[in-house]
1. Which one of the conditions (1) free of Cβ contacts under 8 Å to residues at least 24 places away in the same chain; (2) assigned to a loop (DSSP other than H, G, I, E, B); (3) not acidic (Asp, Glu) does Thr238 fail to meet, given that it meets all the rest?
2. Do we have any residue at all in the stretch 326-335 that's closer than 16 Å to Thr377 by Cα, among the small types (Gly, Ala, Ser), modelled with pLDDT of 75 or more and in a helix (DSSP H, G or I)?
3. Could you identify the single residue in Ile351, Ile407, Ile364 that is among the β-branched types (Val, Ile, Thr), in the same structural domain as Val445 (by TED's automatic domain parsing), closer than 18 Å to Arg326 by Cα and in contact (Cβ under 8 Å) with a residue 40 or more places away in the chain?
4. Test of understanding: among Glu262, Glu204, Glu237, which residue is of a type in the set (D, E, K, R), under 39 Å from the mean Cα position of the chain (by Cα) and either at pLDDT below 85 or surrounded by fewer than 16 Cβ atoms within 10 Å (Cβ to Cβ) (or both)?
5. Mind checking which residues of the stretch 415-444 are over 22 Å from Asp352 (Cβ atoms), among the charged types (D, E, K, R) and either part of a helix (DSSP H, G or I) or at pLDDT 90 or above (or both)?
6. If I ask for residues that are within 29 Å of Met429 (Cα to Cα) and modelled with pLDDT under 85, which ones from the stretch 365-380 would you list?
7. Of the conditions (1) outside any strand (DSSP E or B); (2) on the phi < 0 side of the Ramachandran plot; (3) modelled with pLDDT under 85; (4) not small (Gly, Ala, Ser), Ile85 satisfies every one except a single condition; which number is it?
Amino acid sequence: MDQEKVNILLVDDQPAKLLAYEVILKDLGENLVIASSGREALEVLLKTEIAVILVDVCMPELDGFELAAMIREHPRFQKTAMIFISAIQVSDIDRLRGYEMGAVDYVPVPVVPEVLRAKIRVFAELYRKTRELERLNHELEDRVRARTAELEHSTAKLRESEQRRSMAIAAGKMGSWDWDWISGDWMWDEGQYRIFGVTPESFEVNPANVQALLHPDDVDQLRRAIAEFNKGTRAYETEFRIVRPDGEVRWCVGTAAATVDERGRVVRVSGVTVDITERKRAEERQNLLAREVDHRAKNALALAQSIVRLTRADEVKDYVNAVEGRINALARVHTILSLSSWEGAELSRLIDEELAPYSLGDQIRLAGPEVQLLPATAQTLALALHELFTNSAKYGALSTRSGRLAIDWRVEDELLTLSWEESGGPLVMAPKSRGFGTRSLLASVESQLGGQAQFDWRAEGLLCRLEVPLTRRMAGLGKFDTGGSAELQRASG
């Protein structure tokens with residue numbers, strides 16, 4: 001087989017010498033590339049894969065030493081063979097300099113054709129062998145990687161299959177069966193009887209009885225499997241439902257494989273049945289949860305949209321702070337509800353979360369029993385408490401060291417009564433108009449939860465009383481919906 005030609009770069013500023021090199025090296029049968037200057041040689045190197053460079057030491061502008069140094073600086077050409085040709089007698093220092101620049105050999109002028117051809121041939125063949133070794137090494141590495149990946153994949157599948165089988169057998173959710181295609185005889189193991197909810201004593205295994213236990217919508221699966229085996233299919237897998245004698249519906253996955261005789265005719269079909277009911281139920285629960293999360297997210301976004309749209313402030317900074325505070329309050333209660341899988345939240349936990357940013361020490365007194373709030377109630381009270389704390393920290397008792405705040409709550413007949421009493425702070429005057437905080441508090445407590453909110457702007461401090469139903473029946477709504485946004489809009493209109 002003809003070996004691949006390699007490129008040999010000839011660099012010299014004198015055309016006559018280049019022509020002489022071409023004549024000498026023509027018999028090698030390689031590709032000869034000509035460059036009449038160092039800069040032209042660099043351009044060629046960037047565009048062409050070169051095996052050997054034959055370069056004249058003495059050239060104008062860029063001599064052989066400088067060209068060699070520039071070539072060696074490029075990562076691609078650090079191992080490219082370079083042979084220097086010198087028309088003058090070079091000293092040992094010049095030779096050492098040349099070798100330091102990357103030269104692999106020197107050829108003096110006048111050039112001996114046989115010597116030059118021999119040197120070029122050696123380095124060209126070395127280049128060719130090196131490339132071949134690199135190619136073979138890459139192929140070997142690719143094959144090793146592919147084989148390793150294949151083995152790892154097979155091992156993982158085998159391990160996974162064995163784990164599933166072991167777990168299924170241990171849990172009693174796997175069964176195996178065998179069907180003599182010629183005689184029609186069936187054989188079920190204990191697991192198969194258990195999955196179908198029958199016993200060997202009370203159930204005769206035959207096509208009619210098995211079909212009777214299949215869900216009416218999945219009977220065609222059995223007929224389709226038999227038809228496929230008659231057509232020559234050797235393996236079949238499908239999901240189906242069974243209806244046990246007690247009426248319970250179970251989901252199963254069945255895998256079957258055919259055994260054929262020397263003529264290719266099916267003589268036996270063997271299979272495995274796995275009960276996947278729990279997995280199916282888990283998928284249904286997951287889908288239900290995803291829909292529920294989507295619903296709650298939309299409700300939360302609707303409430304956040306109302307907060308952004310209805311918040312009022314004279315300065316941009318005040319507006320941003322107000323919106324961030326209300327959104328953060330909503331986020332905190334969302335975290336609490338998430339930790340309880342949206343079952344509810346403790347009232348004391350909501351108060352602690354709203355207290356956390358203030359670090360007020362003994363200025364605040366809390367008293368009340370443990371109260372579990374529904375998600376909607378928790379969200380509403382979290383925002384209400386945030387508004388009360390924010391207002392108190394800006395204008396009320398919590399704005400001074402001498403101020404005091406007492407929060408008490410009790411529950412009677414599924415009705416939560418929360419009392420907020422401030423004292424010792426700045427002199428209080430009843431506001432001429434209600435701000436967003438007060439309006440949203442009233443709207444959410446009264447309209448969303450069917451409760452009441454009362455404010456008494458006493459001179460010594462605000463007294464607020466909230467009454468909130470704790471049951472879904474009394475609250476009317478179990479969770480926020482987009483109607484809440486409309487109520488907030490009406491309250492602030």
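The values are calculated or read from the model by the stated rules, or taken from the named source; none is laboratory data. Because the structure is predicted, anything quoted here is derived from the model rather than measured. We place every Cβ from the backbone using ideal geometry, glycine too, and count neighbours over all the protein chains shown.
1. (2)
2. Checking the stretch 326-335: at least one residue is closer than 16 Å to Thr377 by Cα, among the small types (Gly, Ala, Ser), modelled with pLDDT of 75 or more and in a helix (DSSP H, G or I).
3. Criteria check complete, one pass: Ile351.
4. Answer to the check: Glu237.
5. Across the stretch 415-444, the qualifying residue is only Arg439.
6. If the condition is that a residue be within 29 Å of Met429 (Cα to Cα) and modelled with pLDDT under 85, then Thr380 is the only one that fits.
7. For Ile85, the exception is condition (1).
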